[in-house]
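This report concerns only the one structure given below.
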Amino acid sequence: MLKSIDPLLNADVLYALRSMGHGDDLVLCDTNFPADAVARQTVLGRLLRIDNVTASRAARAILSVLPLDSFVDKPASRMEIVGQPNEIPPVQSEVQAEIDAAQGRSFPMASVERFAFYELAKRSYCVIQTGERRFYGCFIFKKGVIPPDVA
C-alpha cells in the first residue's frame, strides 16, 4: 500500500500512467470490449486490468493521478450506442460524474461511433479493462500535463 495512491492502481497500471506523455490516450473498457486484441496493437502492447470494479470506480482511481489534456476540446470520449448515438446509458453518466469531480467542473465527453472507437483505441498508449459488465462502459482519456509549482 502507498499513501495517497488509490489501492486499485496496481503496479502495472501505475507504470503505464507514469510512462504516458502529454497527449497520449488511455482506453478504459468494459469486459465485453475486445481488450486483449486491441491492447496488442497499442504502444504498451499488452492488456492492463483493474478487475472486479465498475467503470466509474476505475475512472475515479485513474483520474486521481491522471490529468486530462486541457489543450484539446474533448480530452475524454465515450463509445456511442449503436443506432442511438445521443443516448447516455447510466454507466456513461457515472463516469461523466467522476470526470466532472476530478476536474472540479463540468467537462463533457465526446461521442465516438463504435468502430471509430476501436480504431482510436488501437492507436492509444494502453488499454485498461475493468470488471464492468454493463454495455458501453468504454472510454478514452487523453493525458494532460501537471504545471510547475509557482514559487
Regarding segment 106-120, can at least one residue be identified that is farther than 27 Å from R46 by Cα, in contact with a strand residue (DSSP E or B) (Cβ under 9 Å, 6 or more places away or on another chain) and not in a strand (DSSP E or B)? yes
Criterion: within 20 Å of L66 (Cα to Cα), of a type in the set (S, T, N, Q) and free of Cβ contacts under 8 Å to residues at least 12 places away in the same chain - qualifying residue of S124, S93: S93
Does segment 78-98 contain any residue that is surrounded by 12 or more Cβ atoms within 10 Å (Cβ to Cβ), more than 20 Å from Q41 (Cα to Cα), hydrophobic (A, V, I, L, M, F, W, C) and out of contact with any helix residue (DSSP H, G or I) (no Cβ under 9 Å at 6 or more places or on another chain)? no
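Here is a yes/no grid of residues against (1) aromatic (F, W, Y); (2) surrounded by fewer than 16 Cβ atoms within 10 Å (Cβ to Cβ); (3) touching a Lys or Arg at 6+ places or on another chain (Cβ under 8 Å); (4) under 29 Å from Y15 (Cβ atoms):
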{"position": "P108", "(1), (2), (3), (4)": "no, yes, yes, no"}
{"position": "F115", "(1), (2), (3), (4)": "yes, yes, no, no"}
{"position": "Q129", "(1), (2), (3), (4)": "no, no, yes, yes"}
{"position": "R134", "(1), (2), (3), (4)": "no, yes, no, yes"}
Qualifying residue in segment 46-54 (condition: loosely packed, with under 14 Cβ neighbours inside 10 Å and under 14 Å from T130 (Cβ atoms)): yes
Across (1) in a loop (DSSP other than H, G, I, E, B); (2) touching a Ser or Thr at 6+ places or on another chain (Cβ under 9 Å), R78 clears everything bar (1)
Segment 1-26: number of residues that are basic (K, R) and assigned to a loop (DSSP other than H, G, I, E, B): 1
Of (1) part of a loop (DSSP other than H, G, I, E, B); (2) more than 17 Å from V27 (Cα to Cα); (3) in contact (Cβ under 8 Å) with a residue 12 or more places away in the chain, L66 fails just (2)
I'd like the full set of residues that are part of a loop (DSSP other than H, G, I, E, B), farther than 14 Å from D12 by Cβ and without any contact (Cβ under 8 Å) to a residue 24 or more places away in the chain, limited to segment 27-62. R40
Among the residues of segment 133-149, are any β-branched (V, I, T) and more than 13 Å from the chain's Cα centre (by Cα)? yes
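Computed from the coordinates by the stated procedures, all read-outs in this text should not be read as laboratory data. The structure displayed is predicted, hence computed values, not measured ones. Using ideal geometry, Cβ is built from the backbone for each residue, glycine included, and neighbour counts are taken over all protein chains shown.
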